[in-house]
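Taking it in order: structure first as structure tokens, then the write-up.
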Amino acid sequence: MKGMTVIVKTISSWIKVLIFMFGIYIVITGHLTPGGGFAGGIILASSYVLLMLAFGRKFVEENLPLAAASRLDCLGAFLFAVIAILGMVLGGSFFVNFLYQKYLPGEPLSLISAGTIPLSNIAIGLKVSASLFLVILTLSIFRPDISADKKEQN
Amino acid sequence: MAIFYILLFFIIIAAIIAVETNDLLSSVICIGAIGFGASLMFLFLRAPDIAITQIVVEVLGLIILIRATISRDLTFITGDREFFGVVVSVVIVFVIFLAGIKVFETLPAFGTPVFTEATQAASQTYISQGLAKTGAANLVASVILDFRAYDTLGEATVLFTSIIGATVILRHKAKKLPEVLEK
């Protein structure tokens with residue numbers, strides 16, 4: 001079997017859920033408490049990195065393939081751009097907080113408040129987590145082509 | 001305004017030299033000079049944070065990275081050092097040292113940054129009106145996703161572009177030409 005010992009596998013299979021939930025919490029409450037899309041996205045990606053370290057690369061690749069991760073990455077970037085363009089369409093200028101100013105003021109300090117800021121946080125969290133996961137996965141897949149180097153030396 | 005025209009002239013000359021020169025190292029140093037001129041412009045426009053970013057990325061980062069990674073077109077200086085060159089270098093380093101001492105004398109005391117003391121500073125607006133204007137309790141979130149969302153869009157674009165580059169360059173399955181696959 002690939003990966004580390006049984007102890008590491010058991011512990012990480014318990015902990016991965018907690019890390020993932022904590023990442024989601026950091027992303028969703030980014031407009032209320034310290035955190036936000038960037039920090040939460042990195043926590044989300046680190047839960048997958050833990051799985052990769054404990055169970056091996058193949059397990060993670062079956063769980064979240066490269067193609068799906070790159071689609072999530074593109075989806076995050078697309079959502080962020082859509083929020084910005086919606087601000088231009090509905091609010092008059094690029095990136096204006098149209099939800100807070102017009103449609104959904106919300107209570108300060110409650111979960112649904114601050115208009116587009118939580119939505120932007122979710123988009124950025126999706127983007128950052130998928131892209132960090134992608135870069136670690138591609139770096140772990142990558143094997144330098146040694147034969148090409150030898151040919152150049154000869 | 002005259003200083004901006006002088007800097008603009010300097011940047012244009014550096015850009016022309018960077019394109020026209022044959023030596024790679026000279027070209028990179030000219031690009032560094034462009035970045036230096038731009039960072040001076042930012043400094044005169046009272047945006048010191050962007051000036052610092054500009055000088056770190058474009059001058060230091062670019063030159064060091066290109067000098068470290070590209071192994072061809074190396075320039076080695078052989079022979080004895082010229083006396084005049086050594087004197088000029090020592091004088092320039094001494095002048096920069098004196099200027100550094102002057103700069104450190106004018107710095108505010110530790111714990112009292114300029115941006116919190118100035119009355120018209122943008123940070124004062126963020127702190128006093130951030131909750132009313134954006135509704136976000138976390139002022140950092142309100143700054144990076146509402147007041148300065150363009151900046152965040154730029155950061156997201158940088159991340160996206162770098163990930164595209166990494167996945168394209170480091171991909172596992174190389175796209176081989178059809179005739180190679182047939183063999």
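Values in this text are rule-based calculations from the coordinates and carry no lab data. Small disclaimer: the values here were computed from a predicted structure and weren't measured. Note: ideal-geometry Cβ built from the backbone for every residue, glycine included; neighbour counts use all protein chains shown.
Using +1 at the Cβ of each Lys and Arg and -1 at the Cβ of each Asp and Glu in the protein assembly as shown, identify which of A:82, B:137, A:137 lies farthest towards the dipole's positive end.
Of the listed residues, the answer is A:137.
Per DSSP helix of 4 or more residues, -39500 (n - 2.57); summed, then divided by the residues of chain A. What does that give at 222 nm, rounded to the nearest 500? Don't jump to the answer; show the numbers that get you there.
Numbers: 6 runs with 104 residues, N = 154.
Counting only the DSSP helices, I get -22500 deg cm²/dmol.
Using Cβ contacts closer than 10 Å as the measure, can you line up B:146, B:80 from fewest to most? Don't skip to the answer; put the middle values down first.
Numbers: B:146 25, B:80 5.
Lowest to highest Cβ neighbour count: B:80, B:146.
Based on the Cβ-Cβ distance from residue A:62 to residue B:16, what FRET efficiency comes out when R0 is 41 Å, to the nearest 0.05?
Values: r = 55 Å, r/R0 = 1.34.
Step by step, r from the Cβ atoms, then E = 0.15.
What list of ³J(HN,Hα) couplings, whole Hz, do you get for the range B:94-102 from phi and the Karplus terms 6.51, -1.76, 1.60, once you set θ to phi - 60° and write x for glycine and proline?
5, 5, 5, 5, 5, 4, x, 4, 4
Ordered by residue, what ³J(HN,Hα) values in Hz, to whole numbers, does the range B:15-28 give under the Karplus form 6.51 cos²θ - 1.76 cosθ + 1.60, where θ = phi - 60° and Gly and Pro are x?
Each residue's phi maps through the Karplus curve to give 5, 5, 5, 4, 7, 7, 6, 8, 7, 5, 5, 4, 4, 5 Hz.
Mind checking which of A:32, A:19, A:67 is farthest towards the positive end of the range A:6-143's charge dipole, using Cβ charges of +1 (Lys, Arg) and -1 (Asp, Glu) about the Cα centre?
A:67
Given H placed on each backbone N at 1.01 Å, which residues far from residue A:95 in sequence or on other chains put an amide H within less than 5 Å of it?
A:87, A:88
Beyond 20 Å, what share of the Cα-Cα pairs of the range B:1-73 is found? Please give it as a whole percent.
On the way: 864 of 2628 pairs.
Tail of the P(r) past 20 Å holds 33 percent of the pairs.
Between residue A:2 and residue A:71, what is 0.36 nm times their sequence separation minus the Cα-Cα distance? Round to one decimal in nm. All intermediate terms of the calculation are to be shown ahead of the outcome.
Working: separation 69, 0.36 × 69 = 24.84 nm, distance 2.74 nm.
Gain on stretching residue A:2 to residue A:71: 22.1 nm.
Using the number of other C-beta atoms within 10 angstrom as an exposure proxy, rank A:2, B:133 with the fewest first.
Values: A:2 8, B:133 16.
Lowest count first: A:2, B:133.
In the range B:1-33, whose amide N lies under 20 Å from the spot 7 Å out along Cα-to-Cβ of residue B:82? List them in ranges.
What the label zone holds, given the 20 Å backbone N cut-off, is B:22-27, B:29-30.
What dipole magnitude, in Debye to the nearest 20, does chain A give about its Cα centre under +1 on Lys/Arg Cβ and -1 on Asp/Glu Cβ?
320 debye
Between residue B:110 and residue B:50, what FRET efficiency follows from the Cβ-Cβ distance if R0 is 25 Å, with the result rounded to 0.05?
Working: r = 24 Å, r/R0 = 0.94.
Computed FRET efficiency for residue B:110 and residue B:50 comes out at 0.60.
For the range A:58-120, just say rounded, prolate or oblate: build the C-alpha gyration tensor, square-root its eigenvalues into a ≥ b ≥ c, call rounded for a/c under 1.5, and beyond that prolate if a/b exceeds b/c, oblate if not. List each step's numbers first, then the result.
Numbers: a/c = 5.84, a/b = 2.00, b/c = 2.93.
Here the range A:58-120 falls in the oblate category.
Calculate log10 I(q)/I(0) of the protein assembly as shown for q = 0.08, 0.11 Å⁻¹, where I(q) comes from the Debye formula with a single equal point scatterer on each Cα and nothing for solvent.
Log10 I(q)/I(0), no solvent term: -0.62, -1.05.
Taking the Cα centre of the protein assembly as shown as origin, sum charge times position over the Cβ atoms of Lys and Arg (+1) and Asp and Glu (-1), and report the length of that vector in debye to the nearest 20.
Values: 23 positive and 21 negative charges, 234 e Å.
Approximately 1120 debye in magnitude.
Pop the C-beta distance of residue B:169 and residue B:148 into the FRET formula with R0 = 45 Å and round what comes out to the nearest 0.05.
0.90
Once you order the gyration tensor axes a ≥ b ≥ c over the Cα atoms, which shape class does the range A:6-143 get: rounded for a/c under 1.5, otherwise prolate or oblate by comparing a/b with b/c?
Numbers: a/c = 3.93, a/b = 1.84, b/c = 2.14.
Oblate is the answer for the range A:6-143, as a/c is 1.5 or above yet b/c matches or exceeds a/b.
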